[in-house]
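All of the numbers you see were taken from the coordinates with simple rules; none came from a lab. In this text the structure is predicted, and so the values were computed from the model without any measurement. Because the Cβ atoms are built from the backbone with ideal geometry, glycine has one as well, and the counts that use them run over all protein chains shown.
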Amino acid sequence: MPDHTDYARVLRGARKKERIRSTVLYILLSVWAVIVIFPFYWMILTSIKSYSSYNSEYVPKFYASSPTLQNYTDAFTAVPLGRYFLNTLVFTLLTTAAMMIVITLAAFAFARLRFPGKNILFALFLSLMMIPNELVIITNYVTITNLNLRNTFTGLILPSVTSVFYIYLLKENFEQIPEELYKAAKVDGTSDFKYLIKVMLPISQPTLVTITILKVIECWNSYVWPRLITDDAAYFLVSNGIQEIRENGFGRENIPAMMAAVVVISLPLIVLFLIFRRKIMAGVLRGGTKG
């Protein structure tokens, strides 16, 4: 007969170890959360400090003694930040929509269609990911300049309408859908395009949402290409508008006003990520799992 006293002692010991493990884990996660969140806290804190109070702090304070929202008002009056927001919104929506169409058709072709040299072509396609971005930017700049598309939305959008990584991610997701569904649809006389729209896209919705959100974030944060291809303020995005804010708006020394502009620019992405964070994680995990 088992000794119930020994069994209870072992059980209590196991529970105690589990509590200790959980406590240590939560402490480490809490410390990591503080490290990650602190820069955002400091950015917001600085943005509500007046210029005079910020400069008078020889030792930085972790609170605002006289908080003010004047810096946020200045963010929209010193430079045309509203126009930069509109430009960025147009650029983001058009680029994301065009890219989703391109990568969806490409992923479907590589996942379901049969044509000579498909595997070799896809391998060569993936090899494009090994090319440094700097070389791609130089090639794109020369092409857009020769087409006389500098300082246009077309020139901003064209180089970003496809992505090898997103095509690969979506292709892997499409291949998880049983091929029997495709064969059955073909027997019923369903066209490839109708099968893609009616069957594959609804099943792959988590991955499509993830790619869309990631592309929106990528477009919103785009800096190098817009800075290179546009020198007309009428086409500035919020990212390269930051440089104009620094140079021609608040000046290099007005850090609180700069932080207010950064908060305003960052807020849409933070809200977007908080709303769709579960879908982003689910889509990435689904797209990266075979079988």
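Per-residue ellipticity at 222 nm, computed for the chain from helices alone with -39500 (n - 2.57) per DSSP H run of at least four residues, works out to -23000 deg cm²/dmol.
Exposure proxy ranking for Ser163, Ser52, based on other Cβ atoms within 10 angstrom of each Cβ and starting from the fewest, stands as Ser52, Ser163. Among Leu169, Leu269, Leu135, the residue with the largest mean-square fluctuation in a Gaussian network model of the chain, with springs joining Cα atoms closer than 10 Å, is Leu135.
Legend: ranking of residues Glu18, Glu218 from fewest to most surrounding C-beta atoms inside 10 Å; resulting order Glu18, Glu218. Start at zero, step by 5 Å, and the Cα-Cα distances of the stretch 4-47 spread as 5, 20, 12, 14, 10, 9, 9, 7, 6, 4, 3, 2, 0 percent across the bins.
Which net charge results for the neighbourhood of Tyr51, defined as the other residues with beta-carbon distances under 12 angstrom from its beta-carbon, given Lys and Arg at +1 and Asp and Glu at -1?
-2
Cross-link pairs exceeding 32 Å in C-alpha to C-alpha distance, out of Lys194/Lys215; Lys61/Lys215; Lys16/Lys61; Lys118/Lys194, comprise Lys61/Lys215; Lys16/Lys61. Among Leu25, Leu89, Leu124, the residue with the largest mean-square fluctuation in a Gaussian network model of the chain, with springs joining Cα atoms closer than 10 Å, is Leu25.
In a reduced charge model with +1 at each Lys and Arg Cβ and -1 at each Asp and Glu Cβ, the stretch 78-287 shows a dipole moment near 540 debye about its Cα centre. Here the Gaussian network model covers the chain, with springs between Cα atoms less than 10 Å apart; of Gly189, Gly117, Gly13, Gly13 fluctuates the most. The Cα trace of the chain gives Rg and Dmax of 25.9, 89 Å, the first to one decimal, the second as a whole number.
For a footprinting-style exposure proxy, rank Leu81, Leu147 by other Cβ within 10 Å, fewest first.
So the ranking, lowest neighbour count to highest, is Leu147, Leu81.
Note on the stretch 135-158 and the stretch 8-30: Cα centroid distance 58 Å, given to the nearest whole angstrom.
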